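Here is the structure we will look at.
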Amino acid sequence: MADVEVQMQFTTTERKVRKVKKTSKTARRESSDNVIDSEVTITELDKENHLTNTNEQGGEYTKAMSKDWHSGHFCCWQCDESLTGQRYVLRDDHPYCIKCYESVFANTCEECNRIIGIDSKDLSYKDKHWHEACFLCTKCRVSLVDKQFGSKADKIYCGNCYDAQFASRCDGCGEIFRAGTKKMEYKTRQWHEKCFCCCVCKTPIGTKSFIPREQEIYCAGCYEEKFATRCVKCNKIITSGGVTYKNEPWHRECFTCTNCNTSLAGQRFTSRDEKPYCAECFGELFAKRCTSCSKPITGIGGTRFISFEDRHWHNDCFICAMCKTSLVGRGFITDADDIICPECAKQKLM
């Protein structure tokens with residue numbers, strides 16, 4: 001409500017005038033939540049000391065607003081009713097009777113929907129107004145006068161009710177964040193500083209690095225211990241590089257020949273019984289041997305070989321024992337431990 005002046009006016013017939021001004025003011029107060037009590041000055045003029053005089057020519061007049069008025073001329077600016085002997089409100093230098101002033105200028109209470117008269121305190125917040133007795137928490141109905149409060153969706157709440165319904169909560173403990181509490185945030189989640197800790201060792205993360213996984217937070221050490229890839233041979237964490245064999249991870253230095261421990265990373269190798277071997281060791285240990293040169297037939301790199309009965313030859317070693325012609329794809333005749341081509345066989349029989 002705007003600042004106004006309310007005056008009590010009385011009319012008498014005595015000549016002498018002495019003004020006695022009694023002023024009562026409601027203090028202007030602005031809280032941290034911007035609730036403002038309007039200021040109203042009420043002035044009453046003592047009946048024993050009149051404002052109305054009879055002038056030298058005979059007629060009564062009224063003294064108000066530092067001016068002299070005929071009694072019939074000092075009227076309400078809105079309804080023209082005489083204000084002589086009545087209380088009135090001064091607004092923009094114009095006098096109004098109490099009824100007109102309240103109907104034109106007074107605010108309506110948000111709680112009870114009644115006019116907030118000049119004799120009541122008008123508490124305002126964000127262009128809304130309340131009687132002092134109506135300024136209550138929407139939920140628990142406690143008075144909010146001189147108390148902290150919050151607003152949500154055009155409704156007002158005491159601090160406790162607001163916190164219970166709307167205050168953000170810690171993703172760790174579920175409690176609300178009190179004023180001045182340090183808050184740790186990551187993406188759309190937030191924690192108290194003490195609650196922002198590794199889910200395994202419970203050590204507060206603070207400013208240290210961390211690793212999120214699903215809905216949990218891990219310190220680097222616990223994350224590596226629980227989720228990092230480990231070498232199937234030494235069971236230590238693979239921090240960089242590594243080799244995958246049969247869907248299992250190995251350090252490059254751990255991926256070696258089962259027999260001679262030569263590194264197989266980037267080399268040709270084969271396996272037996274799920275174990276890797278270099279070509280040389282595999283040939284020596286497991287491969288068939290060529291009947292001609294006695295060297296192992298590994299088959300690595302697409303090398304072809306010939307088998308006949310219980311004997312085996314490298315492709316290049318499968319030749320006639322006499323003329324040394326390749327017998328691959330040709331007919332041949334066995335002669336004891338040798339193989340010979342048909343032409344040499346004929347010559348040998350002649």
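Percent of C-alpha pairs per 5 Å bin in the stretch 155-263, short distances first: 2, 10, 16, 13, 11, 9, 8, 8, 6, 4, 4, 3, 2, 1, 1, 0, 0.
Computed extension gain for Thr244 through Glu185, at 0.36 nm per residue and net of the alpha carbon distance, reaches 17.5 nm. Other residues with beta-carbon under 15 Å from the beta-carbon of Thr270 carry, at +1 per Lys or Arg and -1 per Asp or Glu, a net charge of +1. Taking 0.36 nm per residue of sequence separation and removing the Cα-Cα distance, the Arg330/Arg252 pair yields an extension gain of 23.4 nm. Here the scattering of the stretch 203-254 is modelled by Debye summation over its C-alpha atoms, one equal scatterer each and no solvent; at q = 0.18, 0.19, 0.22 Å⁻¹ the log10 of I(q)/I(0) is -0.65, -0.69, -0.80.
Remark: the Phe166-Ser151 segment gains 4.4 nm on full extension, using 0.36 nm per residue and subtracting the alpha carbon distance.
What does the charge count near Ala153 come to, summing +1 for each Lys or Arg and -1 for each Asp or Glu among other residues with Cβ under 15 Å from its Cβ?
+3
Around Cys199, under 15 Å between beta carbons, what's the net of Lys plus Arg minus Asp minus Glu among the other residues?
+1
Bear in mind that the values in this text are calculations on the coordinates, not laboratory data. Remember, predicted model here, so these are calculated numbers, not experimental data. Here the Cβ is made from the backbone with ideal geometry for all residues, glycine too, and neighbour counts use every protein chain on show.
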